[in-house]
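Notes follow once the structure below has been shown.
Laboratory data are not the source of any read-out in this text; all were calculated from the coordinates shown. Computed from a predicted structure; not experimentally measured. Every residue, glycine as well, gets a Cβ built from its backbone with ideal geometry; the counts of neighbours run over all protein chains shown.
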Amino acid sequence: MAEVDLSDAEKIFIKHGVQDNCREDGRGCEDYRHIELETGLLSNTTGSARVRLANTDILAGVKAELGTPSPDKPNKGRLEFFVDCSANATPVFEGRGGEELAAEIGNILTRTYDCPSCFDLEALCIIPEEQCWILYVDVLLLECGGNLFDVASIAVKAALYNTKIPKVTVSRDEGLVELEISDDPYDVQRVEVQSAPCIVTVCKIGHSHVVDASLKEEACCLARLTMGVTERRTVTGVRKEGSGSLDPASLEDMMQTGKRVGELLNKSLMDSLLEEERQGSKKKPVGFLK
Amino acid sequence: MAGLELLSDQGFRIDGRRSHELRKIQCKLGVFSQADGSAYVEQGNTKVLAAVYGPHEIRGSRSKLLQDKVLVNCQYSMATFSTSERKRRPRGDRKSQEMTMHLQQTFNAAILTSLHPRSQIDIFVEVLQSDGGNYCASVNAATLAVIDAGIPMKDYVCACSASYLGDSPIVDINYLEESSGSPEITVAVLPKSEQIVFLEMNGRLHEDNLSKVVDMAVKGCKDVYGVLDRTVREHVSQVGSSLET
Amino acid sequence: MAAPTICVPGQRICRLEETCKQGNGTYPRNGYIYSSLAGYLHTFEDEDGKSLIEVKTQEEQNVVPSVDAIVTTRITNVNPRFCKCLILSVGKIPLREPFRGQIRKEDVRATEKDKVEMYKCFRPGDIVVAKVLSLGDAHSYILSTAENELGVVIATSEAGATLEPISWCKMKCPKTMAEEFRKVAKVQPKYVQYAGT
Amino acid sequence: MPTDSRRINGPEDSFDPSVLLVDKKTREKILRDGKRKDGRKPEQVRPIFLKAGIISQARGSAYIEQNETKVMCAVYGPREVTKKEEFSMKGQLTCEFKFATFSCRVRRQYQQDNEERDYSCQLQDALEPAVRMDKFPKAQVNVYVTVLQNDGSPLAASLTCASVALANAGIEMYDLVVGCSARITPSEVFIDPTESEDYKAENDNEAGNGSVTLGLMPSLNQVSAITSKGEVEFELLNKGTKQCVDVCQKLYPVLQQAVAKAVEDRLSSDHVT
Amino acid sequence: MDIRVSAAAKDRDTRSHVEEIENLVTPGDIITSDSGFMRGHGTYNSEDDRLLASVAGVVERVNKLICVKPLKTRYNGEIGDVVIGRIIEVQQRRWKVETHAKLDSSLLLSSVNLPGGELRRRSEEDEKMMREYLKEGDLISAEVQSVFADGSLSLHTRSLKYGKLGQGTLVQVSPSLIKRRKTHFHHLPCGATIILGNNGYVWICPTETEEMDQTGGYELNLKPVQRSDREVVARLRNCVQLLAAQKMQLYDTSVLYTYEASLNFKIKDILKPEIGLEILEQTQHRLEIEGT
């Protein structure tokens, strides 16, 4: 992650602030910074979204490709995550410098989506054992302002919501299978994301914990908990990271916080996705020209 | 040309342009706040982001340090979703390494490198969507980002491509035209002094036609310059006026 | 020998009271002393009459060079500004794997620093006792020999014999009687004893 | 996944026949008449064999068996950090987790795959809070974990094994780390699941299925690692973590004995020589 | 939770109305063909001896010297500037300091006041103790003492107002947004101190009530800051960020007016776009009326 080296006094100032429920930008411990989001801004993709939270800027693109289902899951399509940390975000990421962070984000995304009940892979299957859709979800990190995991998961969910897979008609002719892919942009299959999880990262700072940590706060945090939370308030993929430890009581508190915030996050995200859909074609694409 | 008519009898190209017309260029300076300079350029459907860091202390091995001038360090990278067929890697392949080198050469020629000895300038380019002319858009975006960072350079560097179709040159070719097998010439120029700082040609072209195509590309560069300069002037005026209050 | 008490990491040893002090291999937490090593409990009386509580492992300890530690090194490379060496042991504890160290020209001796010529102080292969000045950088520890007791202790002459010290800056080859320049350590008897065992 | 170019791999489109087994697709119920397949109660762990100091050339080592799950671990260092990029003034801990090629039902690759890399990170995050990194500035300690046979809960077994190996290596630590896994179903929690009981994303289609692995430093009562898979109800996850904490506390004496035994053994062998 | 659909910024429609400011040049533009002028920053001589611009900005002329000042650059230090920097390396007899300049700045051991006063001899002991005084990550306020041949800066902290910084918060903005003033240290009436470093680093901290001790700030007060002070600091921080985001100049009055205009809103709402614009409009209005 972008290196932030803080002095001891700055760290203490931040720690006491968290304890006081007054963070360096005046937020309380469970407040998010405001998020801006736009979907469908890349025409080369099946679905795309850009999410910006303070300085964190993440672009997610979904590409649907035809492939064969893996032999142990013959009736399911696949979801593949790939994360790239662009050097645009910080020179540290040049060359292979961002790979470790990218792998970390990729692993957590894979883990939170790795449960059949929250993302329907069977809908991506065209012919069992033969043809299925593989959704490549590519996440591009363009700027870092802290809280990358949460923002990445928001971008992924929004991009999946925006995904419009062309309809496929299967016809069998003397045992030969023929696939016909519709090129009508309105004859499409949407991806169901209602139950997909969002990641909430809860950072332990001093004796309290916060959500949506800024870069400086992340530098003060020894242990953080990332958890995927669905709209149904179930939890997918919890994980403690960092070199610190937590006592069982505060672990429970942090999970409670994560669950509470995650529920809200999912709801707000769906609301604004629906809002954008309502604006429909009236809305001009903004992209990076804003 | 496989059933595709790249140039109609009326002289219109596949996207409706005439042979000398550029695609629509939209650009913006200062997209990000953490980089010293950044810019975004859209040329038709090709979309590129550029960020500039520096001049700053040399990072990593100090053996790269140059005593008398600044080290210009570039990276060209393409988002995995930028192409119509998904790319497996954003960078590190031969093509992007070549692009990285070209960018480095181009900007070494344009930046006044002797002003910042012993330091380093990073120019990072990220192609978000590719529809032909990636290198041109990258150079144009990087120029804007360098200007946004306030790094002194001799002149803008503007890049444009051109090809030869039927019996006339066409400018600023898109992906379909690029992949049709017709020759492609990419030129980067310093528009005011009319110096060519980069020139590359792919494909086969009769030598008689070379100068026509190059002229077309250089003309395209000057048109690009017009658009970029207008954007910079607007940006400086807008920000400058709020600075004064 | 009475059966010694075995400790494992995280084991609570005793209350941290006025009468005891927490020593190596332990750490204090919430008013107790805990063990941080797997080993034996040792209690000493120190000068103030307090008992010092330590946990020791039986075999070689895990040590890394620390500031002010005396280390034994072998010179690998000499140039006019500094010489490189491998740290072979820290105090009395030999290392399993060596660490890289560096003695800079200005740290060779305490006086007349600007007259130091590296080639007249160290040669590759010399065994040198030095003190750790600082942890240095990614490459190496910064060492110093700027004390009488520090410097070359074992060296081989060009003829292949072991050199004998004749002054603080010279050594002699017993075979050829040729003199060679070194920054010679005034070897302390305790080191000799240690080398002998 | 990167392919191993130095070895001859099987044909690319070959796969393990076991995936086609019909019985695998219909999941059996874990609990029958209040007992699991191997006769355990839901909250019961498998018998454990744990021994420290089994690899002579390593600084410290340990071996653990939880019935059919077998893991060994070797610790080296503190040694010098050779790669400049990895340099830091603080002490470092590196972990490498590897499934032996023959350890699972499906053959594993020689090179680390994504899952193994992920486990390596988790091991590191779990052990770091326990190790006193300030004791070896500028140097690193390397932990290598090899799973010889995987019959469920490999990460939990590795955690226990690695912390014993670290203690055996004489690395200063605040506490040992005990690992424990639990399988969560919509209605119940099973401690220390076997391979057949464990959560698998491809088979457990219903919501509410998952698993959780926890690392505890018992003496400090601090959780140093927690990781879960699958989509589970919050209350059950909470119940699962609490049970894991309890189990870890119960297992703690086993680890202490193993470490102490190795210290004793070394003493007696020293006396003989 | 506030997730919104990004919409085209309001000012986008108004952008076309912005009139081009006077004497604006962009790289490669000819400033003059008269060879009687001197070449300053942001300009260069072409082969045919005309003076050209090398950056985009407004031409400034002082007598015969012609400069072009770009909107933003790395920090170009001048002797006497007040800067805030972060220690990045402890070297022999000097600290390397990051000041957002083109090269890292240096703070020599001989340019700091060590505990014990001015007259103390600097011994080898001090060299060993350097990390005790200032270590990696520490923030300092300092003054530019001189500029080395390669353009890097040498700093000093030999005044009681400079030295190590304690509890507070740092905001980084572009150096060109800091207006040059006689003083860059301001004890604001709201109970906080703000240091507007010429290098674009802005330090905000609660104003110390008791007299500064004579240790040069090496011993820090690590007691918790009061909630009310903390809120003032947080509000100021958001105001500074707001001004910087809209590219408005930072000086005591502009910061103070923004602060006062923001009092109608919750601290955490200041950075929301529509509220931010409202606050700035009020501030701008007030600045114009009072003609500062």
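General remarks:
- When you filter the GluC sites (Glu not before Pro) in the range A:85-160 for DSSP loop state and at most 16 other Cβ atoms inside 10 Å of their Cβ, you are left with A:Glu129, A:Glu130.
- For chain D, size of Cβ-based charge dipole, Lys and Arg +1, Asp and Glu -1, in debye: 560 debye
- Relative contact order of chain E, defined on C-alpha pairs under 8 angstrom at six or more residues apart (%): 13 percent
- Shielding value for A:55-63 is 3, the average number of Cβ atoms from other chains within 10 Å of each residue's Cβ.
- Separation of alpha-carbon centers, the range B:63-98 and the range C:1-78, rounded to whole Å: 53 Å
- Its residue count N sets the reference 2.2 N^0.38 Å, and the alpha-carbon radius of gyration of the range E:82-290 equals 1.09 times that reference.
- Dividing the convex hull volume of the alpha carbon atoms of chain B by its residue count gives 143 Å³ per residue.
- Legend: mean number of C-beta atoms from other chains within 10 angstrom of residue C-beta atoms, peptide B:115-122, equals 5.
- Taking a ≥ b ≥ c as the square roots of the eigenvalues of the Cα gyration tensor, an a/c ratio of 1.5 or more together with a/b no larger than b/c marks the range E:23-70 as oblate.
- Average partner coverage of E:55-62, which counts Cβ from other chains inside 10 Å: 4
- Between 0 and 90°, nearest 10: helix B:207-244 axis offset from chain B longest Cα axis: 40 degrees
- Short-range pairs are left out: with C-alpha atoms under 8 Å and at least six residues apart, the relative contact order of chain B is 21 percent.
- Ordering A:Ile126, A:Val62, A:Tyr186 by the projection of their Cα atoms onto the charge dipole of the range A:8-280, which places +1 on the Cβ of Lys and Arg and -1 on the Cβ of Asp and Glu, puts A:Val62 at the extreme positive end.
- Average Cα contact separation per residue, the range C:6-56, under 8 Å, 6 or more apart, as relative contact order %: 42 percent
- Ellipsoid equivalent to the range E:50-116 - semi-axes via the Cα gyration tensor, in Å: 34, 14, 10
- Pairs from the table (A:Lys216/E:Lys161; A:Lys290/E:Lys72; A:Lys259/D:Lys51; A:Lys11/C:Lys113; C:Lys50/C:Lys92) lying more than 30 angstrom apart at Cα are A:Lys259/D:Lys51; A:Lys11/C:Lys113.
- Computed over the Cα atoms of the range C:70-192, pair by distinct pair, the Kirkwood hydrodynamic radius stands at 14.3 angstrom.
- Highest-first arrangement of D:127-133, A:274-280, C:25-31, where packing means the average Cβ count within 10 Å: D:127-133, C:25-31, A:274-280
- Ratio Rg/Rh [Cα only; Rh per Kirkwood] for the range A:1-63: 1.18
- Charge dipole of the range B:57-213 about the Cα centre (unit charges at C-beta), most positive-ward option of B:Met101, B:Ser138, B:Leu176: B:Met101
- Debye-sum result for chain D in log10 I(q)/I(0), which assumes one identical scatterer on each alpha carbon, at q = 0.14, 0.15 Å⁻¹: -1.03, -1.15
- Size of the protein assembly as shown: Rg and Dmax of its alpha carbons, in Å, are 33.8, 107.
- Translational D in µm²/s for the range D:57-173 (Stokes-Einstein at 10 °C, 1.306 mPa s, Kirkwood Rh from C-alpha pairs): 110 µm²/s
- Reachable lysines from D:Lys29, criterion Cα separation under 18 angstrom, eight or more residues apart if same chain: D:Lys37, D:Lys41, D:Lys200
- With distances taken between every two different alpha-carbon atoms, the range A:25-184 has a Kirkwood hydrodynamic radius of 17.1 Å.
- Local net charge near E:Lys268, Cβ-Cβ under 9 Å (Lys/Arg +1, Asp/Glu -1): +2
- Listed by chain and number, the aspartates and glutamates placed with their C-alpha closer than 15 angstrom to that of B:Lys69 are B:Glu57, B:Asp122, E:Asp150; residues fewer than eight positions away on the same chain are left out.
- Cα gyration tensor, the range A:8-280 - rounded (a/c under 1.5), prolate or oblate: prolate
- Fraction of antiparallel bridges per DSSP, the protein assembly as shown only, in percent to nearest 5: 85 percent
- Candidate cross-link partners of E:Lys179 among the aspartates and glutamates, defined by an alpha-carbon separation under 13 Å and a same-chain spacing of 8 or more, comprise B:Glu244, E:Asp81, E:Asp252.
- Total formal charge among the other residues, if their Cβ is under 14 angstrom from that of C:Ile166, Lys/Arg +1 and Asp/Glu -1: +2
- Sites matching trypsin sites (Lys or Arg not before Pro) across the range E:48-114 that sit in DSSP coil, with at most 11 neighbouring C-beta atoms within 10 Å: E:Lys64
- Here is the list for the range E:85-191: chymotrypsin sites (Phe, Trp or Tyr not before Pro) lying in DSSP coil, each with at most 12 other C-beta atoms within 10 angstrom of its C-beta, are E:Phe148.
- Net charge over other residues, Cβ less than 15 angstrom from the Cβ of B:Ile14 (K, R count +1; D, E count -1): -4
- Once the Cα gyration tensor of the range A:97-144 is diagonalised, semi-axes √(5λ) in Å: 28, 13, 9
- Size descriptors for the range C:1-141: radius of gyration and Dmax over Cα atoms are 20.2, 59 Å.
- Square roots of five times the Cα gyration tensor eigenvalues for the range C:6-56, Å: 17, 13, 7
- For the range C:6-56, the dipole from Cβ point charges (+1 on Lys and Arg, -1 on Asp and Glu) about the Cα centre works out to 340 debye, to the nearest 20.
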